[in-house]
Amino acid sequence: MGEVFEKPKVGGVLEWADKRHSSEIEGQQEVEHLHRYLFARALCRGRDVLDIVSRGGYGSACLSQVARSVIGVELDQISVERARSTYQADNLEFKLGSVEHIPLDDNSIDCVVSFGTIEFLSDEAQFLNEIKRVLRPGGFALINLPNHDIYSPPGDAPDPNHARRLTNDEFETLLSTHFSNSILFRQRSVVGSVILSETTTAGQEFLSFDRQGEGRIEASSGLARSLNIVAIVSNDHLPALPSSAYFERTSVEEALVHLPAAQNRMAALEQENEKYKEDLQNLAEALGLAEHRSAFMQETADVLASRLYKAYQRPLQPITSMIIRRLLHIALAAEPILSQKRIRKFRRSLRKCTPRSILSEWNEVKEAVSASIAMSAVGLSSLSHREDPPFLMDPKKILVIDARFPQPNVSAGEKATFGILKDLVMIGFDVTFIPIDMKSRSPYLQDLDDMGVRVITRERGFQRGSDYLRLEGHRFGVFYVFRIDVFEQTIEHIRNASPNARVIFHAPDLNFLREFRGAELSRDSEALKRAKNIKQRELSVMRKADHNVLVSPAELPYLVNEIPAARFSVFPALYSPIDRHSKSFAERKHIFFLGGFGHSPNVDAAIWFVSKIWPAIHAALPDVEFHILGSEAPQEIIDLADEPGVRFVGYVEDIESAMSRYRLAVAPLNYGAGIKGKVGASMGCGIPTVCTSIAAEGMHIENDIHTFVADTPSPFADAVIKLYPDHELWDKFSKNGRRLVEENFSCEANRSSYLRALDKAKVLPLDLIVSYCQNAPDVSFPEYDEDQTIGVSVIVPVYNKWSLTRACLASVALAGKASGITYEVILADDGSTDETVHASEMVPGLRVARAAQNMGFLGNCNNAAKTAKGEHLLFLTNNTVVMPNWLKALYSRMTAASDAAIVGSKLLYTDGRIQEGGGLLSPDATAASFLVSGAFWRSIGGFEERDQPTCCEESDLAMAARSSGLSVLYEPESEVVHFEKAT
């Protein structure tokens, strides 16, 4: 018996390119790939080996079982990190590097293994020269190439990923120009039989026989129709070279041996199966229903157990909460003598103390048990006539899927994932999260549990995400999937589980744009090919999704020629903290760069800044230090600390606290895509951040308003040198930058943007947004400088009914926040006597136009319009809750049509049915919500009051517009939930 050894096992989440070089591939590819590495393994025993283009590290791990040392070299940073974490051995190392510039010393390697590489290169000569450089005297290389005469013969379309179609003769010629000795082996996966001599004789011939149809067999000398060629080359003597065979005993041989008997048995089973097909179907349905009920009961029981355990740990909490509620009720009894601020604070505290009951969950369990007992009593005979199962797709249940647990203190992308989960819960969705690696991480698991997110991991009973999707996927009405590779792995399972659900793809950045920019910067042909491949994959994913979420408006132009713009939303997900009480200019010192170094643009940026920009800054500001903050830093980043004035800090757990001591940040990115979390984080904390154009892209940053923007070393250094000691300029950039981030990238701004994305994706249930607005804890509106231009004045006429008005105002605030539209809200109070009289105190930023006496609807609107500062006027009744895209849709339609005088919204009932899309006399506008051109309004002098009271004010206005030659338009994307007759 020969040597017995373990086949390396793959771990983690693999992208497609990694799977080609791992144990996750299957079928012919697996057999051929594994056989090549086993062939190499036999030749590498006791030698120092280079596995060039090691990808996920599987082949390197295989070779390390017998080699003295193995170095895997790979261009992709993520693949290198994955290989380092998956395959660990004392004699195994993975390095970042390219085939054109192998990061090894001359004459340092005994054997180079290159499988699946040369066909992708446009400059094979440089690659072979590099192999010769690193090989020691007596060293050799194994190089694999597809046999294009068979793989893609003339007349067939070539593989689009291959740079050049080398014929066998061209391959041999290429090798002979670089190496004095070579021998070629041929490889082919077969189903058949092998006869080998136990002794080898010189000149011994190898015969192969190919069956051609039923009655013909072709005999050939050598291995006919081989799909692959494996060359061994050297400038010295070649090692002893055995031929080899690989037998896939677990599948192919056993299948051949047992095939005849299996065929006979299958025929018998097919006949027998016809008799029992209906019974089997009934049994399958019964078992499926039982599984669903069992899972539901288990899930609910888990929730109950968790709640009861928490109650056991804190037995006095219900009593404490009850006492606090009583005290708050007593305090609120003194409302007439309390300030509005104090009243609001007490009410918020009262809401937080509302007890949470577990009785509803217990009732669900009892109902499920009763239903299961009843179903058992019915018996299997009635299953074929039963109604639809009780567990149907729920539009309020959303399943979020990402590669791993979000770690908000590690990267901006993961901070965004965490913020999205939190917002979904706050809006009212029933949220479940699956990390594809199925690993739980503390303390992040507890954070999500406490938030109310149901988390599916291996520790909670599921080995793979696909297992959960098969069992529970039918429950979900919405799937929200991050990242290309995660989408590719899950979309088929999602569609099978819940065919009618909406699937949203979230792109943390546009991968192919980032890769193309990096390839252009490095002028790397291999990187350019990878970028093209990523583009094909990314566009394929976006076409399969029902809706796509981008993080930067700058990415949209790269996609709208490929996919309709209606299938995209822009959601600048940063969830940047806002520090309004940060340290002063004098309390701060030094400069920093923040970045996750698993992301290659950050590695390039830090190196470029230290090598090209920092020397000039250090010479001008010798007492100032440059600090590098961030996780997953490679050695080349750590080594930057050797430069004068540079300090490597690395990972920090509390980023906001760490940033608070610095005076200036830099974002010297040369390539990338999306929006930059580092810029949002620093500016939100009041730290001016000098940027390149790439770093500022998509973030509305204006040079010399929010910061300095420079793209070459000298201007960038000059900007830092000018800004660092200038107190007045620092204060200006600090204030403007913080305001920019607060308006567009803060938690509140991101929540509004996210709601617009969900609304556009058609996955936002009306009752959730209505309930959210009715219970919104705080409502506020922006306040502007006196010289600020206002785009829209929203006028809300009211008479009492404060509870209606507050929900309406909360929805307007959501629709206006981070919309890119400057707007004001004017409450036209027509003599209210309820809480409305304190509206300006309860809602910061709200303007109130209060009539001395009741003027009626038209007079009240005209009175408020006189105080409006906006270019356009938007009239909205208070018995409404507007949807998140309401304002943006109206304003976009108005500004796009030069002759538009009025644009009206679509009114909805609370169940989603259309209530009105314009009035009877004016089919394009409705009085509950319509936007009026300021120029047109002033030209007619407002509403005509002489016919008051009336219910046709919008029709009068529309007829006046048409008589002036202007248009009256209807915008169906501007939706309003209208509580008819409630005002």
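The values are calculated or read from the model by the stated rules, or taken from the named source; none is laboratory data. As the structure is a prediction and not an experimental result, all values here were calculated from the model. Cβ sites come from the backbone with ideal geometry, for glycine too, and all protein chains shown count toward neighbours. Accessible surface is based on the protein model in full, side chains and every heavy atom, while ligands, DNA and RNA are left aside. Shrake-Rupley method; radii C 1.70, N 1.55, O 1.52, S 1.80 Å.
Only residues that are buried (at least 17 other Cβ atoms within 10 Å of the Cβ) and over 26 Å from MET393 (Cα atoms) were counted in segment 754-788, giving 3.
Put simply, of ALA40, ALA89, ALA67 the only residue that is part of a loop (DSSP other than H, G, I, E, B), surrounded by 18 or more Cβ atoms within 10 Å (Cβ to Cβ) and more than 33 Å from the chain's Cα centre (by Cα) is ALA67. Do we find that ALA412 is of a type outside the set (S, T, N, Q), crowded, with 18+ Cβ neighbours inside 10 Å and in contact with a Gly (Cβ under 7 Å, 6 or more places away or on another chain) in this structure? Taking the combined requirement at face value, the residue satisfies it. The single condition among (1) modelled with pLDDT under 90; (2) touching a helix residue (DSSP H, G or I) at 6+ places or on another chain (Cβ under 7 Å); (3) in a loop (DSSP other than H, G, I, E, B) that LYS9 does not meet is (2). For ILE563, indicate whether it is over 13 Å from the mean Cα position of the chain (by Cα) and assigned to a loop (DSSP other than H, G, I, E, B). Spelling it out, ILE563 is indeed over 13 Å from the mean Cα position of the chain (by Cα) and assigned to a loop (DSSP other than H, G, I, E, B). Against the definition (in contact with a His (Cβ under 9 Å, 6 or more places away or on another chain) and at pLDDT below 85), how does THR926 come out, yes or no? Yes; evaluated as a whole, the condition is true for this residue.
Consider segment 569-611 and keep the residues that are assigned to a helix (DSSP H, G or I) and hydroxyl-bearing (Ser, Thr, Tyr). The one that is farthest from LEU510 (Cα to Cα) is SER611. Under the condition of being open to solvent by less than 30 Å² (accessible area, probe 1.4 Å), among the charged types (D, E, K, R) and closer than 28 Å to VAL478 by Cβ, the residues counted in segment 547-592 number 1.
Results for (1) in a helix (DSSP H, G or I); (2) open to solvent by 60 Å² or more (accessible area, probe 1.4 Å); (3) at pLDDT 80 or above; (4) farther than 30 Å from ASN168 by Cβ, shown as yes or no for each residue.
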position: GLU214; (1), (2), (3), (4): no, yes, no, yes
position: GLU218; (1), (2), (3), (4): no, yes, no, no
position: SER251; (1), (2), (3), (4): yes, no, no, yes
position: GLU254; (1), (2), (3), (4): yes, yes, no, yes
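Do we have any residue at all in segment 675-683 that's open to solvent by 30 Å² or more (accessible area, probe 1.4 Å) and without any contact (Cβ under 8 Å) to a residue 60 or more places away in the chain? No - not one qualifying residue is present in segment 675-683. Would it be correct to say that ASN500 is open to solvent by 40 Å² or more (accessible area, probe 1.4 Å) and not charged (D, E, K, R)? Here the answer is yes, as ASN500 does meet what is asked.
Considering GLY645, GLY677, the condition of being touching a Lys or Arg at 6+ places or on another chain (Cβ under 7 Å) and small (Gly, Ala, Ser) is satisfied by GLY677 alone. Among helices (runs of 4 or more DSSP H) entirely within segment 484-559, having at least 2 residues that are modelled with pLDDT of 95 or more singles out 484-497, 525-544.
Determine whether segment 419-435 contains at least one residue that is touching a residue at least 24 places away in the same chain (Cβ under 8 Å), part of a strand (DSSP E or B), among the acidic types (Asp, Glu) and in the same structural domain as VAL560 (by the TED database). Taking every residue of segment 419-435 in turn, at least one turns out to be touching a residue at least 24 places away in the same chain (Cβ under 8 Å), part of a strand (DSSP E or B), among the acidic types (Asp, Glu) and in the same structural domain as VAL560 (by the TED database).
Using the structure shown, decide if ALA868 is over 21 Å from PHE979 (Cβ atoms), in the same structural domain as VAL848 (by the TED database) and touching a Leu at 6+ places or on another chain (Cβ under 8 Å). No; evaluated as a whole, the condition is false for this residue.
Picking from residues in segment 593-604 that are out of contact with any Phe, Trp or Tyr (no Cβ under 6 Å at 6 or more places or on another chain) and more than 26 Å from LEU421 (Cβ to Cβ), the one that is surrounded by the most Cβ atoms within 10 Å (Cβ to Cβ) is PHE593. Among the residues making up segment 526-546, those that are over 22 Å from GLN489 (Cβ atoms) and open to solvent by less than 40 Å² (accessible area, probe 1.4 Å) are GLU526, ALA527. Can you tell me which of (1) open to solvent by less than 10 Å² (accessible area, probe 1.4 Å); (2) under 16 Å from the mean Cα position of the chain (by Cα) is the one ARG514 doesn't meet? Of everything listed in (1) open to solvent by less than 10 Å² (accessible area, probe 1.4 Å); (2) under 16 Å from the mean Cα position of the chain (by Cα), ARG514 misses just condition (1).
Starting from residues that are at pLDDT below 90 and not small (Gly, Ala, Ser), keep the ones in segment 451-463 and report whichever is least open to solvent (accessible area, probe 1.4 Å). It comes out as PHE462.
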